[in-house]
Amino acid sequence: MKSWSPPFVPTLPGTGRAPEVHDVLDDTVRPVTPVDGRVSLYVCGVTPYDTTHMGHAATYVTFDLLHRAALDAGLPVDYVQNVTDVDDPLLERAARDGIDWRDLAVDQTALFHEDMTALRVIPPKAYVGVVEAMPTIVAVVERLVDAGVTYGLTDDSGATDSYLDLEAVGGTEGVSVLDEATMLEYSAERGGDPDRPGKRGRLDPMLWRGHRDGEPSWESERLGPGRPGWHIECTAIAMEHLGDTISVQGGGSDLVFPHHPMTAVQAVAATGRSPFAAHTTHQAMVGLDGEKMSKSKGNLVRVSDLRREGVDPAAIRLVLLAHHYRTEWSWTDDALTEGRERLARWRAATALPAGPDAAETLAAVRAALAADLGTPAALAAVDAWCAAAEAGEGSDAVAPGLVRDTVDALLGVAL
Ligand code: 5CA
Ligand code: ZN
């Protein structure tokens, strides 16, 4: 699928150090691990309805910062993102609204691209829809069938679903640190079917859902007509475009179970190579009035709505950057006001003919980002330079331009 257009990224003097980020499996902050000299980054994309809310935006801006920091450290980045353009929630929404699920996906994906462009997010090199990746996905499921680690369950209508037998591939050992009760709870809440009779293991993920009347389906001689389960799309798309093992598997913290562990366990079962990802990294949930912002609850603040109201996307990006990615927060009007004020201050200060030397500011922003994407510290360093410039300190005529380039290249905010 076509990706969105890339923003211009200025070149900065010198280089930064390889960024450190948090891994949810060993709960440490450590440098990203390149694979064959390249950082391979897979971030779970949207299910295209009700995009792009501030939780989505926070997730993609966070991994955009990692992307930018790696590039600044001289590390080439291969970035891949999927779009879940066929899945239960999308089909349900299309049915509710009386529209074709394909049209809903196309429209919402286009809107997502507009929002990403407005937020100056560097696009993935491969932006891949489930529908277009169907042969790849089918091939990975069939590989698991060949490995003898799957089983089928047939319902009253005669449809057969294929499951991964988790027990046969080592269970959730090494892919999840949650206890059994929590995994079962999340599985039930997030698209799993732990209580389905006949399953060998309650957490076994569905790989292929046999065709039911009224549902879209694709042909597979081995599996029968049907469509993929959720997690296998990310396993297959990541492996196809990035290889058997990757540097970072990313997304929001709602993917901590079952999605990311199942994506990983399926890859390991298919390739025999472990771990699937050197880092599993999560953006904390963004909420509204203290509740998780989610499409199912409908408590959304959308990037496109604010853009329509005339809000500068750079101000939205500054609101997102004001919060560290591992801290949960809620969107408020006050936060937006602060973002707008900061943008105005930064624009005014960097438009001055001179200011204090900015080499330290560049170094401080680099250091802040390299230390687990420390955006609040990065903003503080720029705030400090702007305050000094406004106070008339310093007579360095190149400094305002260097601050502009720093903010643009590393933080993705064009002043
Ligand atoms: N298509 C799947 C991933 S394969 C999916 O989760 N789609 S989504 O549209 O629900 O979410 C898109 C991305 O935004 C995911 O990485 C998800 O973890 C993240 N996300 C969703 N809601 C929030 C939120 N409230 N705060 C932060 N991130 C969120
Ligand atoms: Zn995913």
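The values are calculated or read from the model by the stated rules, or taken from the named source; none is laboratory data. Just so we're clear, the structure is a prediction, and the values are computed from it rather than from any experiment. A quick note on method: Cβ atoms are made from the backbone with ideal geometry, for glycine too, and the neighbour counts reach across all protein chains shown.
Count of region 177-233 residues, restricted to those that are buried (at least 16 other Cβ atoms within 10 Å of the Cβ) and assigned to a helix (DSSP H, G or I), is 8.
If F257 passes every condition in (1) in a loop (DSSP other than H, G, I, E, B); (2) more than 14 Å from ligand 2 (Cβ to nearest atom); (3) modelled with pLDDT of 95 or more but one, which one does it miss? Condition (2) is where F257 drops out. Of all residues in region 203-229, count the ones that are of a type in the set (D, E, K, R) and within 16 Å of ligand 2 (Cβ to nearest atom). Number of matching residues: 1. If you go through region 150-174 and keep only what is in a helix (DSSP H, G or I) and of a type in the set (A, V, I, L, M, F, W, C), you end up with L166, A168, V169.
Among the residues making up region 74-121, those that are farther than 29 Å from V311 by Cβ and within 16 Å of ligand 2 (Cβ to nearest atom) are V80, V86, D87, D88.
Exactly one residue out of A363, A322 is out of contact with any helix residue (DSSP H, G or I) (no Cβ under 8 Å at 6 or more places or on another chain) and either closer than 18 Å to V9 by Cβ or of a type outside the set (D, E) (or both): that is A363. Here A57 clears all of (1) closer than 30 Å to N299 by Cα; (2) small (G, A, S); (3) within 16 Å of ligand 2 (Cβ to nearest atom) except the condition numbered (3). Within region 235-254, can you find the residues that are part of a strand (DSSP E or B), out of contact with any Lys or Arg (no Cβ under 9 Å at 6 or more places or on another chain) and away from ligand 2 (no atom under 11 Å from the Cβ)? I246, V248 - these are the residues of region 235-254 that are part of a strand (DSSP E or B), out of contact with any Lys or Arg (no Cβ under 9 Å at 6 or more places or on another chain) and away from ligand 2 (no atom under 11 Å from the Cβ).
Among the residues that make up region 388-406, is at least one of them part of a loop (DSSP other than H, G, I, E, B) and buried (at least 19 other Cβ atoms within 10 Å of the Cβ)?
No, because not a single residue in region 388-406 is part of a loop (DSSP other than H, G, I, E, B) and buried (at least 19 other Cβ atoms within 10 Å of the Cβ).
Check whether at least one residue in region 295-303 is within 16 Å of ligand 2 (Cβ to nearest atom) and outside the structural domain of V175 (by TED's automatic domain parsing), and report yes or no. Within region 295-303, one or more residues are within 16 Å of ligand 2 (Cβ to nearest atom) and outside the structural domain of V175 (by TED's automatic domain parsing). Cβ separations smaller than 6 Å between residues 6+ apart or across chains give the following pairs from region 362-386 residues that are assigned to a helix (DSSP H, G or I) to residues that are among the charged types (D, E, K, R) and modelled with pLDDT of 95 or more: A370/R17; C386/R345.
Residue-level check: of (1) within 16 Å of ligand 2 (Cβ to nearest atom); (2) at negative phi; (3) under 16 Å from the mean Cα position of the chain (by Cα), I232 misses just (3).
Can you find, within region 314-334, the residue that is nearest to ligand 2 (Cβ to nearest atom) among those that are assigned to a helix (DSSP H, G or I) and surrounded by 19 or more Cβ atoms within 10 Å (Cβ to Cβ)? Ranking the candidates gives L320 first. Among the residues of region 256-269, those that are surrounded by fewer than 24 Cβ atoms within 10 Å (Cβ to Cβ) and more than 16 Å from the chain's Cα centre (by Cα) comprise V268, A269. Within region 62-113, if we keep just the residues that are acidic (D, E) and closer than 30 Å to T33 by Cβ, the residue that is nearest to the chain's Cα centre (by Cα) turns out to be D64. Just one of the listed residues (D85, D72, D64, D50) is closer than 17 Å to G250 by Cα and surrounded by 18 or more Cβ atoms within 10 Å (Cβ to Cβ), and it is D64. Filter region 270-295 down to residues that are in contact (Cβ under 8 Å) with a residue 40 or more places away in the chain and over 18 Å from the mean Cα position of the chain (by Cα) and give me whichever is farthest from ligand 1 (Cβ to nearest atom). Residue satisfying both the conditions and the ranking: S274.
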